[in-house]
Amino acid sequence: MYEVEVKFSVADPAGLRRRLADLGGRPGTPHAQSDRYYAHPCRDFAATDEALRLRRDADRVVVTWKGPRIDAATKTRREIELPLGDAEEDPVTTLGRWHELLAALGFHTVREVRKRRTPFSLEWRGAAVEVALDEVEGLGTFAEIEQQADASGWAAARDRREDLARHLDCGQPERRSYLELLLAGDGRR
């Protein structure tokens, strides 16, 4: 599967919420997310345009590998995401155990990205679309328009994202990840 995503900086979050509501967007429950990104011991993920992260999201932990972006305009990339831990285990304990495992294998933490995410779901041009309003520590507010697609459907999903972004008056897309933006602010990369 591919994560077809486009992201925008948001100067007026209340205005974007109104435009989403006008299009039938239904807000979900806001929640905190903490993403810890890792460097591979033998491969430069910055050079290969890949990412490996552990995400704590409410009551679950997931590991995600993101492959290289496949087009120049969006952040579309192959993504593999797997849940970690069992339903009975505390997410903080699960996260700590997986961090310990990755460190033992030679991975090290690059940076942690913390945000408060409010998801919105809506139908757009015949498909379910997710729009996330993210308040990212150290960066500000962003909107991500996202849809999952297989290899044969990612181009149509990309076009749908761009069309919705125009209707929401989102402006210029930001192709860099939150991690890349934070690292650029740190003077790295």
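The values are calculated or read from the model by the stated rules, or taken from the named source; none is laboratory data. Because the structure is a prediction, the values reported are computed rather than measured. As a convention, Cβ positions derive from the backbone with ideal geometry for all residues, glycine included, and neighbour counts pool all protein chains shown. All accessible areas refer to the heavy atoms of the entire protein, side chains included, with ligands and DNA or RNA removed. Shrake-Rupley method; radii C 1.70, N 1.55, O 1.52, S 1.80 Å.
Going by the structure shown, is Arg60 open to solvent by 40 Å² or more (accessible area, probe 1.4 Å), of a type in the set (D, E, K, R) and under 22 Å from Glu100 (Cβ atoms)?
Here the answer is yes, as Arg60 does meet what is asked.
Counting only residues that are within 14 Å of Asp35 (Cα to Cα) and of a type outside the set (D, E, K, R), give me the strands (runs of 3 or more DSSP E) lying completely in the stretch 83-189 with at least 2 of them.
Hits in the stretch 83-189: 108-124.
Among the numbered criteria (1) in contact (Cβ under 8 Å) with a residue 24 or more places away in the chain; (2) open to solvent by 30 Å² or more (accessible area, probe 1.4 Å); (3) not aliphatic (A, V, I, L, M), which one does Glu89 miss?
Answer for Glu89: the failing condition is (1).
Between Arg78, Arg97, Arg125, which is open to solvent by 40 Å² or more (accessible area, probe 1.4 Å), under 18 Å from the mean Cα position of the chain (by Cα), at pLDDT below 95 and not β-branched (Val, Ile, Thr)?
On inspection, the qualifying residue turns out to be Arg78.
Of these, Arg55, Arg36, Arg117, which one is open to solvent by less than 50 Å² (accessible area, probe 1.4 Å), touching a residue at least 40 places away in the same chain (Cβ under 8 Å) and either touching a Lys or Arg at 6+ places or on another chain (Cβ under 8 Å) or closer than 26 Å to Arg160 by Cβ (or both)?
Arg117
Of all residues in the stretch 100-122, count the ones that are closer than 16 Å to Leu183 by Cα and within 12 Å of the chain's Cα centre (by Cα).
Final tally of qualifying residues: 3.
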